Amino acid sequence: MSVQESADPSRTVVLPGREQGVELRESGDKGAGVFAVRRFRTGELVLAGAIGAELDRNDAHASQVALDRFVRHEGMMPSVNHSCDPSCGIRLNASGAHDLFARLPITSGEEITFDYAMRNHTVDHFPARCRCGSALCRGRITGWKDLPADRRNAYQGFVAPYLLTEPPAPARPGPA
């Protein structure tokens, strides 16, 4: 499947049967992950989302698409791993699914990641310790409600819109 881009992201056209520029590979101790097989420019659509099923509650592979609505995406989206310093961010498409857009340039061979806090208000279904390995790792995977203000600011334009009505998390005390 390939994507034909438009200046207006809501008018993106998905072309079936052609390569999107990503593939599923092993990602160390995280299991499977999605990796770029070509370069992506900042702001470019990396992975188009499609809703596969409506859910009655949150779970480890659920995507929150409204304050009270959870879905399971189909295709490769459920295999995209979390990072506290992700290569991609979220934008809702016309069907209400999440699309992933590059937050920064992505090179061929790089793992495609997003911060699960970009889509979920709370995150309760992951191990206590985050394994993203980034320099900005928060130590655990959190939802939007627990995301520090500096990360919320860094994600501007790449967050599910229903989260933007939530008040910011309290500032963390600095070192004494």
Sort 47-58, 74-85, 128-139 for me by packing, meaning the mean count of neighbouring Cβ atoms within 10 Å per residue, highest on top.
-> 74-85, 47-58, 128-139
Model label zone, A32; criterion: amide N under 14 Å from point 7 Å along Cα-to-beta-carbon; scope segment 69-95 | 73-81
Please find the FRET efficiency linking A53 to T122, where r is the Cβ-Cβ separation and R0 is fixed at 22 Å, and quote it to the nearest 0.05.
-> 0.60
Sorted by chain and then number, the residues having a modelled amide H within less than 5 Å of the amide H of L104, at least 5 places away or on another chain, are G43
Point-to-point label distance, C137-E23, nm (Cα→Cβ direction, 7 Å offset) = 2.8
Would you rank T142, T122 by solvent-accessible area, highest first, keeping every protein chain in place and using a 1.4 Å probe?
-> T122, T142
Sites Q156 and R41 - FRET efficiency at Förster radius 22 Å, r taken between beta-carbons, to 0.05 = 0.75
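Figure the gain on full extension for S95 and L164 (residue separation times 0.36 nm, minus the Cα-Cα span) and round it to one decimal in nm.
So the extension gain works out to 22.9 nm.
The values are calculated or read from the model by the stated rules, or taken from the named source; none is laboratory data. None of these values were measured; they are calculated from a predicted model. So basically every Cβ, Gly included, is an ideal-geometry build from the backbone, and we count neighbours across all protein chains shown. The area values use the complete protein model at the heavy-atom level, side chains included, leaving out ligands, DNA and RNA. Shrake-Rupley method; radii C 1.70, N 1.55, O 1.52, S 1.80 Å.
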